[in-house]
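A.B. asks: First the structure, then my questions, so here it is.
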Amino acid sequence: MTDLDERAALRDLAEQLARQAGELVQRDRPARVAVTDTKSSATDVVTAMDRASEQLLSSQLLRLRPEDGLLGEEGTGRPGSSGLTWVVDPIDGTVNYAYGLPIYSVSVAVVTGDVAAAGAWRPVAGCVHNPASGETWTAAAGLGATLDGVPLTAPAPPAPDQALVGTGFGYQPAQRRRQAAVMAALLPQVRDVRRLGSAAVDLCLVACGRLDAYYEQGLNAWDLAAGMLVAREAGVTVSGLAGRPPGGPLVLAAGAPLHAALDALLTGLGADRLMD
């Protein structure tokens, strides 16, 4: 693990880079955003600005931190020799971005360990920046989390039946059917459910109390790394179900004891299964 001063410097660099990329995607967003490609399905879209943002992040990191590795959502990657890997999502919430909905973010984190394996990596520092709202969440391991420079402590969560819960859906039809069934069963047991469209922002909203909890299946390291650190440093528990590490099968974020209650509910519903 890096020392406190280095973690603070990495956090500041993550914020600097996220703001630069955020300025690019906000300033150069065309009046009508065109989809240039798809990934896992026809609804999993990529825009030219996703690629331009990732290219900016990649080139800056190569210049400033050439010894570090890089993993980007849009396929940019390189090994490093320092033991640190930058994990970047150039636009988390691309569909929102394409439709002009103001909930999307640039997520920049630096981690230790093997980012290819759930539970084998840990975020050291990170930033989630929403260019549309201007809000910026930052965190460094052991140094706390902030929203626009103000320290964050997540509020005590309510009982499950009073909880506002965020979630998201995958892109494959079979997975969506399963996720919809889980949400339908969960909905009568909580206050309400929101689907906002950016996993990184959702995690940060739990950290600042605008959501009481958040769960989602199918997240990758770039969706998760920076927002998870912000949430954890604000006092939120972020894990998989039944004590497993957060990752593709499921991510659940909530303060105790709400986390334990939702863990039991979602485990009972088989929320980490892809389909019946």
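A.B. asks: Please sort 209-218, 252-261, 194-203 by packing, taking for each peptide the average over its residues of neighbouring beta carbons within 10 angstrom, highest first. Let's see the in-between values first.
C.D. replies: Values: 209-218: 23.1, 252-261: 20.4, 194-203: 24.6.
Top of the packing list down: 194-203, 209-218, 252-261.
A.B. asks: Could you derive backbone 3J(HN,Hα) for segment 210-220 from the dihedral phi with the Karplus parameters 6.51, -1.76 and 1.60 (θ = phi - 60°), listing whole Hz in sequence and x where the residue is Gly or Pro?
C.D. replies: Residue by residue, segment 210-220 yields 7, 10, 7, 7, 8, 9, 6, 9, x, 7, 9 Hz.
A.B. asks: Sticking with this structure for a sec: Counting DSSP beta bridges with both partners in segment 4-152, what percentage is antiparallel, nearest 5? Could the numbers behind the result be given before it?
C.D. replies: Details: 32 of 36 bridges.
The antiparallel proportion sits near 90 percent.
A.B. asks: Among 198, 179, 163, whose Cα sits farthest toward the positive end of the charge dipole of segment 160-268 (+1 at Cβ of Lys/Arg, -1 at Cβ of Asp/Glu, about the Cα centre)?
C.D. replies: 179
A.B. asks: Working from the alpha-carbon coordinates of segment 160-268, get Rg over Rh, Rh being the Kirkwood radius.
C.D. replies: Working: Rg = 12.3 Å, Rh = 13.4 Å.
Here the Rg-to-Rh quotient is 0.92.
A.B. asks: Nearest 500 deg cm²/dmol is fine: what mean residue ellipticity at 222 nm does the chain get from its DSSP H runs of n ≥ 4 alone, each adding -39,500 (n - 2.57), divided by its residue count? Provide the component values of the computation, followed by the final result.
C.D. replies: On the way: 7 runs with 94 residues, N = 276.
Computed ellipticity for the chain at 222 nm equals -11000 deg cm²/dmol.
A.B. asks: Between 109, 184, 98, which gets the highest mean-square fluctuation from a Gaussian network model of the chain, Cα cutoff 10 Å?
C.D. replies: Among 109, 184, 98, the largest GNM mean-square fluctuation belongs to 184.
A.B. asks: Note the full-extension length gain between residue 4 and residue 171 as 0.36 nm times their separation in residues minus their Cα-Cα distance, in nm to one decimal. Could the numbers behind the result be given before it?
C.D. replies: On the way: separation 167, 0.36 × 167 = 60.12 nm, distance 3.91 nm.
The span from residue 4 to residue 171 would gain 56.2 nm if fully extended.
A.B. asks: What residues of segment 160-181 lie in the reach of a label at residue 192, counting those whose backbone N is under 11 Å from a point 7 Å from the Cα along Cα→Cβ?
C.D. replies: Within reach of a label on residue 192, which here means backbone N under 11 Å from a point 7 Å along Cα→Cβ, segment 160-181 contributes 164-165.
A.B. asks: Taking 7 Å along the Cα-to-C-beta vector as the label spot, tell me the residue 220-residue 153 distance in nanometres, rounded to one decimal.
C.D. replies: Distance between the two pseudo-spin positions: 3.7 nm.
A.B. asks: So how do 183, 49, 228 line up by other beta-carbon neighbours within 10 Å, fewest first? Please list the in-between numbers first.
C.D. replies: Values: 183 18, 49 23, 228 28.
The fewest-first ordering by Cβ neighbours comes to 183, 49, 228.
A.B. asks: Can you tell which of 112, 146, 85 shows the greatest fluctuation in a Gaussian network model of the chain with Cα springs below 10 Å?
C.D. replies: Looking only at 112, 146, 85, the largest GNM fluctuation is found for 112.
A.B. asks: Please state, to two decimals, what the Cα-based radius of gyration of the chain comes to when divided by 2.2 N^0.38 Å (N = residues). Write out the running numbers ahead of the final one.
C.D. replies: Working: Rg = 17.5 Å, N = 276, 2.2 N^0.38 = 18.6 Å.
Taking the Cα Rg and dividing by 2.2 N^0.38 Å, one obtains 0.94.
A.B. asks: Is there a quick way to get the dipole size of segment 160-268? I mean about its Cα centre, with the Cβ of Lys and Arg at +1 and of Asp and Glu at -1; what is the value in debye to the nearest 20?
C.D. replies: Details: 9 positive and 8 negative charges, 57 e Å.
Roughly 280 debye for segment 160-268.
A.B. asks: A follow-up question, please. Only bridges whose two residues both fall in segment 160-268 count here: according to DSSP, what percent of them are antiparallel, nearest 5? Walk me through the intermediate numbers first.
C.D. replies: Values: 7 of 12 bridges.
DSSP beta bridges in segment 160-268 are roughly 60 percent antiparallel.
A.B. asks: First measure r as the distance between the Cβ atoms of residue 260 and residue 116, then evaluate 1/(1 + (r/R0)^6) with R0 = 35 Å and state the FRET efficiency to the nearest 0.05.
C.D. replies: E(calc), rounded to 0.05, equals 0.75.
A.B. asks: A follow-up question, please. Which value, in debye to the nearest 20, describes the size of the charge dipole of the chain about its Cα centre when Lys and Arg Cβ atoms bear +1, Asp and Glu Cβ atoms bear -1, and nothing else is charged?
C.D. replies: On the way: 22 positive and 30 negative charges, 102 e Å.
About 480 debye.
A.B. asks: What residues have an amide H closer than 5 Å to that of residue 47, excluding those fewer than 5 places away on the same chain, when H is modeled at 1.01 Å from N in the peptide plane?
C.D. replies: Under 5 Å from the amide H of residue 47: 36.
A.B. asks: Provide Rg and Dmax in Å for segment 34-187, with only Cα atoms included in the calculation.
C.D. replies: Cα only, segment 34-187: 17.5, 50 Å (Rg, Dmax).
A.B. asks: Taking amide H positions as placed in the peptide plane 1.01 Å from N, state which residues far from residue 121 in sequence (5 or more) or on other chains have amide H under 5 Å from it.
C.D. replies: For residue 121, the qualifying residues are 114.
A.B. asks: Just subtract the alpha-carbon distance of residue 81 and residue 12 from 0.36 nm times their residue separation and send over the number in nm, one decimal.
C.D. replies: Working: separation 69, 0.36 × 69 = 24.84 nm, distance 2.14 nm.
Full extension of this stretch gives 22.7 nm more.
A.B. asks: Roughly how many debye, to the nearest 20, is the charge dipole of segment 66-162 about its Cα centre, given +1 on each Lys and Arg Cβ, -1 on each Asp and Glu Cβ, and no other charges? Intermediate results must be reported in sequence, preceding the final value.
C.D. replies: Values: 2 positive and 10 negative charges, 28 e Å.
It comes to approximately 140 debye.
A.B. asks: Oh, and also: Using Cβ counts within 10 Å as a stand-in for footprinting exposure, how do 19, 11, 63 rank, fewest first?
C.D. replies: Working: 19 17, 11 26, 63 8.
Ordered by Cβ neighbours within 10 Å, fewest first: 63, 19, 11.
A.B. asks: Using each residue's phi in segment 234-245, evaluate 6.51 cos²θ - 1.76 cosθ + 1.60 at θ = phi - 60° and report the 3J(HN,Hα) Karplus result to the nearest Hz, with x for Gly and Pro.
C.D. replies: 8, x, 8, 7, 10, 7, x, 7, 6, x, 6, x
A.B. asks: Follow-up. If r is the Cβ-Cβ distance from residue 184 to residue 244 and R0 is 22 Å, what FRET efficiency results, to the nearest 0.05? Mind showing how you got there, number by number?
C.D. replies: On the way: r = 24 Å, r/R0 = 1.09.
Result of the calculation: an efficiency of 0.40.
FYI, it's all coordinate maths here, none of it is from the lab. Just so it is clear, the model here is predicted, and its values are computed rather than measured. We place every Cβ from the backbone using ideal geometry, glycine too, and count neighbours over all the protein chains shown.
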